[in-house]
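All remarks here apply to the structure that follows.
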Amino acid sequence: MLITNNLSFTYQSANAAMTFPDINCQSGEHWLLLGQSGSGKTTLLHLLGGLLRPKNGVVRIGNTEIQNLKPAALDKFRGKNIGIIFQKPHFVTALTVEENMQLAQYLVNEKQDKNRIKSLLESLNMGHKLHAKTSELSEGEKQRVSIARALINRPEVILADEPTSALDDKNCEEVLKLLETQAKEQNAILLIVTHDNRLKDHFKNQINL
Amino acid sequence: MNILSLSWKNIINKPLSMLLSLLLLALGTGLISILLLVTTQIEDKFEKNQAGVDLIIGAKGSPLQLVLSSMYHIDNPTGNINLNEFEAMMGTHLGRRYIKQAIPISSGDSHKGHRIIGTTQAYPTLYKAELAEGKIWENKFEVTIGSVVAERLEMKIGDTFFSAHGVGGEGDMHEDKPMTVVGIMKPTGSVIDQLLLTGVETVWSVHEEEGVPVDSANREVTAMLIFCRNKFGVLTIPNFVNKQTKMMAASPAMETARLYELTGNGVDVLRILAIIIIVVSGLSIFISLFSSLKERQYELALMRVMGATPLRLFVLVILEGLILAILGYLIGIGLSHLAMYLLETSLEESYQYDFSSSLFLNEEWYLLAGALVLGFIAALIPAIRASRTDISTTLTSNR
């Protein structure tokens with residue numbers, strides 16, 4: 001369950017507070033958050049993911065109001081319960097695909113489970129790239145690995161920031177399908193932030209900013 | 001996967017950017033380590049070889065040369081003193097009162113680069129030399145040899161050889177009277193390991209054969225190692241000998257102190273140079289970590305997203321500094337011991353001592369501690385910066 005209430009945020013450089021509509025997503029639901037550039041959708045995503053702290057309001061994930069967590073506790077909560085996928089996938093370049101996944105498990109003190117990493121990557125058709133350096137992957141492959149990394153700790157919420165805007169139609173469709181099936185498998189909330197019109201028809205739950 | 005292995009992988013992922021820092025640190029620590037190794041070993045050996053000798057009496061000339069040649073067997077002998085004159089001095093009031101013991105040293109001949117010393121049995125006793133096999137010389141032309149001589153020249157008991165004139169090993173052979181090895185001594189770690197010992201009479205006989213008859217009037221030795229009864233003797237005897245006789249008395253302690261003072265300046269300059277190199281290497285570690293952070297900003301923010309606390313990122317960068325420091329230190333120490341290994345032979349030839357490349361000094365542990373402190377300080381500012389990575393701003397600005 002992902003619920004926001006009266007959420008607002010102010011950037012130091014700006015005077016006016018940004019306010020956001022209330023969100024109420026139940027477990028297993030898939031949502032699309034639509035908005036033009038500058039509408040504050042990335043800011044909202046960062047608030048939901050605990051990367052920014054709201055000025056006012058509540059972000060509740062499960063039973064936790066994350067705006068009240070202490071910094072270290074918030075870091076841990078985020079790593080464990082929120083999987084975030086960015087528009088341009090980044091990795092720790094010194095590590096292989098597998099090691100990047102292990103790092104995600106290590107940072108939240110989860111057991112480093114190579115079998116789970118392998119099967120997750122295989123389900124994304126990336127099993128053969130287990131020991132590849134992330135810099136050797138194509139953009140589509142990178143996005144798939146970043147999806148795998150977001151899912152590795154079985155988060156309650158998957159947040160995706162423009163996951164498809166850098167991809168062509170074929171890859172866009174594939175990535176979308178993967179996100180949906182993986183989220184469904186884990187009964188996680190999937191919330192995609194985008195201005196990509198190709199996605200509009202896929203989702204019945206939509207929020208417009 | 002853990003923070004340590006991640007630090008390690010970050011370093012080996014960009015080996016070239018870290019290479020300069022590593023080499024500089026290795027150079028600095030290596031230089032300091034080799035200075036330590038050489039100076040401590042030389043000072044150790046010098047001290048050990050002094051063996052409590054208070055004074056050396058020899059022919060007039062350079063006191064430093066007298067000490068180096070008669071005690072350490074490095075330099076050429078200064079010349080000879082007449083034994084009768086020495087005994088006359090011993091017979092004076094001062095001599096009887098202050099001199100406890102005198103051991104003759106008669107040098108000038110050698111065998112394949114190792115010096116033959118005519119002396120008495122008190123000389124091996126002085127260095128606590130024990131026999132490995134055979135016996136101490138008794139008759140003329142019998143020699144007892146040091147362990148290094150036996151090993152290097154592959155000599156054993158019963159071997160005979162002809163001594164060569166001069167200490168360099170290239171002089172004419174005394175080809176009429178062969179010398180016989182009668183004993184081999186155990187290693188002592190002192191200069192005696194490098195010598196062939198025989199009686200003073202043997203040296204006299206060798207030179208008698210050259211047509212210079214030796215009788216009680218012209219018996220000569222190169223030097224006398226003197227033990228005094230008390231400190232007062234150490235101060236009084238030189239004054240007396242230098243003013244009243246044709247001989248000269250030198251204090252090994254004073255002369256070696258003078259020698260350290262002379263070479264110390266050079267060692268100090270090298271040491272300062274090494275410290276400068278190490279400081280520059282610290283600066284280089286700082287710069288390479290700092291610039292690598294710029295490239296890795298997004299990575300660090302990503303790690304925060306994945307649950308890393310600021311403290312973890314701090315530790316990550318500090319560990320990178322420490323790993324570089326340890327690597328640089330290990331390479332430096334490796335290089336210095338390798339250099340010592342390569343230098344061993346040539347140092348042994350010029351100093352007549354064993355040098356060890358496998359010796360590990362306490363000071364080298366201090367050097368490790370120093371390198372770790374350097375790595376920590378160099379990584380501190382980059383680490384603080386890494387720990388303050390702002391996730392949201394970095395992620396939005398670096399797309």
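By DSSP, the beta bridges lying fully in chain B are antiparallel in about 80 percent of cases.
GNM on chain B, alpha-carbon springs under 10 angstrom: the most fluctuating residue among B:Thr309, B:Thr345, B:Thr202 is B:Thr309. For A:Leu33, nonlocal amide neighbours, meaning residues 5 or more places apart or on other chains whose placed amide H falls under 5 Å from its own, are A:Ile192, A:Val193, A:Thr194, A:Ile207. Segment A:1-40 and segment B:31-104 have Cα centres spaced 91 Å apart.
Tell me, B:Tyr366, B:Tyr298, B:Tyr329 in order of fewest to most beta-carbon neighbours within 10 Å? Working shown, then result.
On the way: B:Tyr366 12, B:Tyr298 20, B:Tyr329 26.
Ranking B:Tyr366, B:Tyr298, B:Tyr329 by Cβ neighbours within 10 Å, fewest first, gives B:Tyr366, B:Tyr298, B:Tyr329.
Under 5 Å between amide hydrogens, built in the peptide plane, is the criterion, and for B:Asn82 it picks out nothing among residues at least 5 positions away or on other chains. Placing a pseudo-label 7 Å from each Cα along the Cα-to-Cβ vector at B:Arg152 and B:Val373 gives an inter-label distance of 4.0 nm. For segment A:201-207, backbone phi angles converted through the Karplus equation (6.51, -1.76, 1.60; θ = phi - 60°) give residue-by-residue couplings of 6, 6, 10, 8, 8, 9, 10 Hz, Gly and Pro being listed as x.
Take every pair of alpha-carbon atoms less than 8 Å apart whose residues are at least six positions apart; their mean separation over the length of chain B yields a relative contact order of 27 percent. Relative contact order of chain A, please, whole-number percent, based on alpha carbon pairs below 8 angstrom and at least 6 residues apart. Contact order relative to length: 31 percent. Cβ crowding within 10 Å, taken as a proxy for footprinting-reagent exposure, orders B:Arg229, B:Arg385 from fewest neighbours to most as B:Arg229, B:Arg385.
Counting only other chains, and only Cβ atoms inside 10 Å, what mean value do you get across the residues of A:107-120? Walk me through the intermediate numbers first.
Numbers: counts 12, 3, 1, 1, 0, 2, 0, 0, 0, 0, 0, 0, 0, 0.
Counting Cβ atoms of other protein chains within 10 Å of each residue's Cβ and averaging gives 1.
Between A:Asn205 and B:Arg258, the modelled labels are 9.6 nm apart [label points 7 Å from Cα along Cα→Cβ]. In plain terms, the residue of A:His90, A:His131 with the fewest other Cβ atoms within 10 Å comes first and the most crowded comes last, giving A:His131, A:His90.
Secondary structure note: in the protein assembly as shown, about 60% of the DSSP beta bridges are antiparallel.
For chain B, a Gaussian network of Cα nodes joined below 10 Å ranks B:Ser106, B:Ser70, B:Ser292 by mean-square fluctuation, and the top entry is B:Ser292. Once both labels are positioned 7 Å from their Cα atoms along Cα-to-Cβ, the gap between B:Ile276 and B:Asn230 label points is 5.2 nm. Extension gain, B:Glu133-B:Glu295: 0.36 nm per intervening residue step, less the Cα-Cα distance, totals 51.3 nm. Of B:Leu324, B:Leu302, B:Leu126, the residue with the greatest mean-square motion in the GNM of chain B, using alpha carbon springs below 10 Å, is B:Leu302.
Does segment B:82-217 come out rounded, prolate or oblate by the C-alpha gyration tensor, with a ≥ b ≥ c the root eigenvalues, rounded set by a/c under 1.5 and, if not, prolate when a/b is larger than b/c and oblate if not? List each step's numbers first, then the result.
Values: a/c = 2.15, a/b = 1.29, b/c = 1.67.
Verdict is oblate for segment B:82-217.
Partner shielding of B:294-304 amounts to 4, given as the average count of beta-carbon atoms from other chains within 10 Å of each residue beta-carbon.
Just for chain A, what percent of DSSP beta bridges are antiparallel, to the closest 5? If you can, show how the numbers build up before the last one.
Values: 12 of 30 bridges.
If we restrict to bridges inside chain A, about 40 percent are antiparallel.
Under the rule a/c < 1.5 gives rounded, and otherwise a/b versus b/c splits prolate from oblate, where does chain A land using the Cα gyration tensor? Judged from the Cα gyration tensor, chain A comes out prolate (a/c at least 1.5, a/b above b/c). Cβ-Cβ distance of A:Lys133 and B:Leu283, R₀ of 45 Å, FRET efficiency by 1/(1 + (r/R0)^6): the value works out to about 0.90.
Amide H to amide H distances under 5 Å link A:Leu7 with A:Phe20, A:Val58, where only residues 5 or more positions off or on other chains count and H is placed in the peptide plane.
We did not get these values from a lab; they are worked out from the coordinates using the rules stated. It should be emphasised that the depicted structure is a prediction, and the values quoted were computed from it without experimental measurement. We place every Cβ from the backbone using ideal geometry, glycine too, and count neighbours over all the protein chains shown.
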